[in-house]
Amino acid sequence: MKNEGSLAPVLANSRTKFIPGVYASNGNRVSLTSSDSSIVEIYGQNKIIAHRTGVVTLNLNVPEDDNFVAALPRTRTLEVVKPTKAAWLENRRNDTRYTRLKERFVNNRLSSHSSVTTEQAEYEFDSDNFDSDGDGYSNLFERATGMDSLGFDSQNAPHFLNPENGKSGISFTRFTNSFSSTGESFQYMIEESFDLRSWRTVSLSSENSKVIPIGGGMERVSYFAEESAHGDTQPFLRLKIGLSGP
């Protein structure tokens, strides 16, 4: 392996991530340092948070242990790019998991839908309305919340909060200004229901919402239902995401 080189670009967002293709042959974790933590911050020694666009130099080291001496250090440049849809697609295709998951997706579509062709299933794998990694969230949903679109992501996935004053709560991540960050105008909508049949959209600008900036052009929103339980029934909450504009 060369002492210097470049890595595939990563997307700016709040999610901590491993860098695909960076590993030690002896199975030990690679220790990273960044030349500019305002662009790429090292999290927990071997993960990164890509805060904003730019280029950094990463130093990669594998320290010695009881069985191996320290490896020769390596240097790699890493570019952080805007998480546009085109960059999102390119990032997916550079991921080492992509080919295996695409093959699984295509096989599942062909076996469960006799009218679907291989070419159609391959196209659907990267399409907005399909769940390419099988975690229950569409590709559009995961792109808009900065989730991992090739594996279950507990970090940026929406999660329910313990009731506050008897009111149900939900927390999720979103781009602070999605068009500025991604070139897409995502719509983030919270809906409430007491029967799972009729739903109403609620205002995220109300006093029931709390917003915390989390870096990477993103923020975490916590929303609590406007109404408390009806008898023994708590209001159900869900996050819906759409696109506005052309």
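The values are calculated or read from the model by the stated rules, or taken from the named source; none is laboratory data. These numbers were taken from a predicted model, which means no experiment stands behind them. All Cβ positions, glycine included, derive from the backbone under ideal geometry; neighbour counts span all protein chains shown.
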Q. Quick one: would you say Phe125 is surrounded by 12 or more Cβ atoms within 10 Å (Cβ to Cβ), free of Cβ contacts under 8 Å to residues at least 40 places away in the same chain and either outside the structural domain of Glu226 (by TED's automatic domain parsing) or touching a Ser or Thr at 6+ places or on another chain (Cβ under 8 Å) (or both)?
A. yes
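So, Arg109, is that one outside any helix (DSSP H, G or I) and either touching a helix residue (DSSP H, G or I) at 6+ places or on another chain (Cβ under 6 Å) or under 30 Å from Thr233 (Cα atoms) (or both) or not?
For Arg109, the condition - outside any helix (DSSP H, G or I) and either touching a helix residue (DSSP H, G or I) at 6+ places or on another chain (Cβ under 6 Å) or under 30 Å from Thr233 (Cα atoms) (or both) - is not met.
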Q: Assess whether Leu243 counts as being in a loop (DSSP other than H, G, I, E, B) and either within 22 Å of Ser138 (Cβ to Cβ) or not hydrophobic (A, V, I, L, M, F, W, C) (or both).
A: no
Q.
Within the range 42-56, take every residue that is more than 12 Å from Val10 (Cβ to Cβ) and in contact (Cβ under 8 Å) with a residue 24 or more places away in the chain and give me the one that is nearest to the chain's Cα centre (by Cα).
A. Tyr43
Q: From (1) among the hydrophobic types (A, V, I, L, M, F, W, C); (2) at pLDDT below 95; (3) over 30 Å from Met189 (Cβ atoms), pick out the condition that doesn't hold for Leu110.
A: (2)
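Taking Thr145 as the residue in question, decide whether it is buried (at least 20 other Cβ atoms within 10 Å of the Cβ) and under 15 Å from Lys85 (Cα atoms).
When the stated conditions are applied, Thr145 passes them.
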Q: Being of a type outside the set (Val, Ile, Thr) and either at pLDDT 95 or above or in the same structural domain as His51 (by TED's automatic domain parsing) (or both) is the filter here, so list the residues in the range 167-179 that pass it.
A: Ser171, Phe172, Arg174, Phe175, Asn177, Ser178, Phe179
Q: Output yes when any residue across the range 146-161 is in contact with a Pro (Cβ under 7 Å, 6 or more places away or on another chain), of a type in the set (Ser, Thr, Tyr) and either in a loop (DSSP other than H, G, I, E, B) or farther than 18 Å from Arg92 by Cα (or both), and no when none is.
A: no
(Q) Restricting to the range 41-91, count the residues that are modelled with pLDDT of 85 or more, surrounded by fewer than 17 Cβ atoms within 10 Å (Cβ to Cβ) and among the polar types (S, T, N, Q). (A) 6
